[in-house]
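Nothing in this text is a laboratory measurement; each read-out follows from the coordinates by a stated rule. All figures in this text were calculated on a predicted structure; none of them were measured in a lab. Neighbour counts are summed over all protein chains in view; Cβ atoms, including those assigned to glycine, are modelled from backbone coordinates with ideal geometry.
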Amino acid sequence: MEFREATLQDRREYFAREWNPHFLPPFITEYFRFLEFAFDNDGTGPNDRYNAFSSLEELSSRIRKTAPYAVYSSVSHYEVPSQREGWLRAELVFDIDARDLPARRCECKPGKVCETCLEDARDVALTLIDTLKESFGVNKLFLIYSGRGYHVRCTDEEAMSIRNRGSVFTFVTGSRVPPDLFMVKGYPSAFRKMSSVTFSKMKSLAMRGGSTHLQNRDSIIEALINRDKVRLEEIIKKKALESLLEELSLVNAESVDGKCTVDIKRILRLPTSLHSKVSMICTVVRDWEKFDPVRDATPQFVKAR
Ligand SMILES: [Zn+2]
């Protein structure tokens, strides 16, 4: 499938015939009056900010009238969203862009995406979700297909009041090597999970002897997942393992956009809106395992082409 840019005519058709504000997810509708909305009206970027709406109807009429290139809403909730004043809380979010994935199985050129790297991005997102549930007890979790990757959004009260998001990012993405690699639970478990996912998709290793370790990859991953220290030491020498884990921790960190998690002033693409660059619908994923962007997030005007 080829991802083509939507024309103004396509956008008009989409927002007039297919889009419906009642499809907006609860994490938008429940907090509607606290959200700042932003528009990219013509493809030059989301420069039209500080918008707030008192009703869904008001937002709808704005969207239908202008058929914007892109629509966003704030991750933060404000008492006065039109001035970004009176900060109340912010969703805890993770942004995985398939374009920027350092470990992907496809041969996409930089800046391009295909169905394979979109799947790789989803695997990363599901790994983060697993850790958020297991280690942080987060329940209100949403997986959103953004058009070129995935967002993970958490709206538990506790998650939304977290101040130190940098350390949560490090933990959930496995961005540093744990001193106690084989511990059953906690951070080492998160690190092993994420490292197994990224390692399984890497095409090369920067470290010395990288190609040998790539050949032994399946055994290394298996030993890591099973916390089989003896087996791991048989396959890879101690020093080499240290270098490998170090490299994996960097790839883990680069797989997710850390700035997006840490910066609570961020805006995220509004679910149900159109990602016009690729003509795909930003979609809340209901079935996390079976979701297929081409089947589930393609607008009618693309199907009719
Ligand atoms: Zn690709």
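Table for the structure above
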item: Cα pair distances of the chain binned at 10 Å [whole percent]; result: 6, 26, 31, 22, 10, 4, 0
item: Residues Val256, Val152 arranged by fewest to most Cβ contacts within 10 Å; result: Val152, Val256
item: Residue exposure sequence - Trp19, Trp288 - by fewest surrounding Cβ within 10 Å; result: Trp288, Trp19
item: Taking Val124, Val184 and counting other C-beta atoms within 10 Å, the order from fewest to most; result: Val184, Val124
item: Entries in Lys112/Lys259; Lys265/Lys303; Lys109/Lys185 that, when Cα-Cα distance is taken, lie over 31 Å; result: Lys265/Lys303; Lys109/Lys185
item: Extreme residue, positive dipole direction of the range 119-262, given options Asn139, Phe182, Ala240 (C-beta unit charges); result: Ala240
item: Among Arg165, Arg227, Arg11: highest mean-square fluctuation, GNM of the chain, C-alpha pairs under 10 Å; result: Arg227
item: Residue-count net charge about Arg176 - beta-carbon cut-off 15 Å; Lys, Arg +1, Asp, Glu -1; result: -3
item: Choice from Phe171, Phe199, Phe27 showing the highest fluctuation, given a GNM over the chain with Cα pairs closer than 10 Å; result: Phe27
item: Cα-based Rg and Dmax for the range 94-258, where Dmax is the largest Cα-Cα distance (Å); result: 15.8, 47
item: Other-chain or far-sequence residues with amide H under 5 Å of Leu270's (modelled H); result: Val71, Tyr72, Ser73
item: For the range 6-46 versus the range 280-305, the gap between their alpha-carbon centres in whole angstrom; result: 16
item: Between the range 188-257 and the range 60-77, the Cα center-to-center distance that results, in Å; result: 42
item: Gaussian network model of the chain, Cα within-10 Å springs - most flexible of Arg12, Arg208, Arg148; result: Arg208
item: Under-5 Å amide H pairs with Arg89, H placed in peptide plane, nonlocal only; result: His77
